[in-house]
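The values are calculated or read from the model by the stated rules, or taken from the named source; none is laboratory data. In this text the structure is predicted, and so the values were computed from the model without any measurement. Reconstructed Cβ throughout: ideal geometry from the backbone, glycine too, with neighbour counts over all protein chains shown. Heads up: the accessible areas ignore ligands, DNA and RNA and are worked out on the full protein's heavy atoms, side chains in. Shrake-Rupley method; radii C 1.70, N 1.55, O 1.52, S 1.80 Å.
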Amino acid sequence: MSKKPGIAKLRAMLDKKEISACELAGEYIKRIKAADKKINSYITVCESEAMAAAERAQKLIASGGAQPLTGIPVSVKDNICTKNIKTTCASRMLEDFVPIYDATAVKKLNGAGAVILGKTNMDEFAMGGSSQTSYYGGVKNPYDISRVPGGSSGGAAAAAAAGFCAAAIGSDTGGSVRQPASFCGVTGLKPTYGAVSRWGLIAFASSLDQIGVIAGSAEDAGIVLDCICGKDENDATSSDKAKGGCTAKTGSDISGIRIGIPKEFFGSGIDDEVRAAVMGAADYYKSLGCEIRECSIPSLEYAVSSYYLISSAEAASNLSRFDGIKFGHRSGFGEDFNELISNSRREGFGDEVKRRIMLGNYALCSGYYDDYYKKATCIRTKIISEYKAVFDECDVVITPTAPETAYKIGERENDPVKMYLADSCTVTANIAGLPAISTTCGYDKNNMPIGMSITGRAFDEQTIIAVCDRFERDFTRTEADLK
């Protein structure tokens, strides 16, 4: 796919008055209207709101008060609250929910003068890896519309890849920003847990959820993260360690960086083309003077099981509020209170959400808590300690983002276990609360993008963005030469 203009280029065009913010927003809206019927990346397009925001942005630009994102068209995943704009979580349960406040991340985007084009499609309540469980229909991959875009932020990744926004914010609980970025050939950044406020993000698994960024490059992702990161009094888990300056190291010399290659991430479950592309990227870094070191995360084999037990338990608790009484879809049938709640939840939730609620409730039941949930939290502690040992010897680690490239729509929907195992390369960053970024490092025999992830120390987004940016600049140049 042709490379879309990045934020820096759009910023220059706006500041030089080569295009106005209104004209730019209008072009993106026109593109969405013309082509998104095939992709289905948006649930709600906010044309009037976007044009009003563009007018305000243009006044800021004219007065010399523009910030890096002023006038830049962005999208917001539909599980992040937007004042007076529907926020559905791609579920029938919330099909009529209109928040009365903006999420902190959205508030910061608006404060910076960004233009929010609309709300992107996703797996229902962010539970899935294909973006096919949406109540509003599945999302298609812009590279090949017969294939999935990944999930759960599949609409965000597809919109960024198709040129329906300059950047997108999504959520990442077990890989939901990075895996779709990998499948759609764009860059996905999951910040450190606590780097971005979760206030206004409708919770899936509160100890794992993190708002992240999907964009055309690591540099663009860093620019957006600079805007939305930081301590928030409304979110006790947010941290004052996230102070911005995420792109401060881009363009700097990365020779001497110690890059870990965890052997467990390159085993039998990884597609040969994926393994070869990621190892080829490691060879590239070696040629730049980086030090490549083999390392180990032995608990990887238990990571997916641990993740699904913890996340499902937290989901069962978080989603208990959607009962048709306090929040969400209310059934028209029910002879009594209990029957009304039962019918409301049965009608409002899709199959995948119900499956995870049942798994979570089972894991938390008396008699099973010690056998399942408690053991999963012990594995979490072990994974955190293993990453700590790795980062005593390495600055970053490189792994595949997903075991394979984007698969055909319908291939995995009836095999949830296989779908869950596809998260094996991404969940450990969420379990350990670490920052990770995915970028394209090659293409398979079907010309589908292959993703590589770079994971770093907590609150060291600067380094992973710089390392990713260095690869992207030469990889993009090579692609251009080939064309």
Problem set entry | V74 vs. criteria over 16 Å from the mean Cα position of the chain (by Cα) and either over 26 Å from N234 (Cα atoms) or not acidic (D, E) (or both) | no
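Go through region 383-396 and count every residue that is of a type in the set (A, V, I, L, M), more than 15 Å from F459 (Cα to Cα) and in contact with a Gly (Cβ under 9 Å, 6 or more places away or on another chain).
1
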For this session: Please determine, by comparing only the residues of region 260-279 that are assigned to a helix (DSSP H, G or I) and in contact with an Asp or Glu (Cβ under 9 Å, 6 or more places away or on another chain), which one is most open to solvent (accessible area, probe 1.4 Å).
Result: K263
Exercise. Taking region 361-404 on its own, how many of its residues are open to solvent by less than 20 Å² (accessible area, probe 1.4 Å) and within 30 Å of K140 (Cβ to Cβ)?
Worked result: 6
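Yes/no matrix, rows are residues, columns are (1) under 26 Å from P149 (Cβ atoms); (2) among the hydroxyl-bearing types (S, T, Y); (3) free of Cβ contacts under 8 Å to residues at least 40 places away in the same chain:
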| position | (1), (2), (3) |
| --- | --- |
| A52 | no, no, yes |
| A57 | no, no, no |
| T70 | no, yes, no |
| L109 | yes, no, no |
| A114 | yes, no, no |
Seminar exercise, completed: V74 passes all but one of the listed conditions (1) under 21 Å from S171 (Cβ atoms); (2) of a type in the set (V, I, T); (3) not in a strand (DSSP E or B); the exception is number (3)
Exercise. Out of all the residues in region 325-340, which are more than 29 Å from the chain's Cα centre (by Cα) and crowded, with 18+ Cβ neighbours inside 10 Å?
Worked result: L340
Problem set entry | Given (1) among the β-branched types (V, I, T); (2) under 29 Å from C246 (Cβ atoms); (3) open to solvent by 10 Å² or more (accessible area, probe 1.4 Å), number of the condition V74 does not satisfy | (3)
For this session: Tell me which residues, restricted to region 426-462, are more than 20 Å from E386 (Cα to Cα), of a type outside the set (A, V, I, L, M), open to solvent by less than 10 Å² (accessible area, probe 1.4 Å) and in contact with a Lys or Arg (Cβ under 9 Å, 6 or more places away or on another chain).
Result: S438, G451
Exercise. So, in region 105-131, of the ones that are out of contact with any helix residue (DSSP H, G or I) (no Cβ under 8 Å at 6 or more places or on another chain) and surrounded by fewer than 24 Cβ atoms within 10 Å (Cβ to Cβ), which residue ends up farthest from V213 (Cα to Cα)?
Worked result: G111
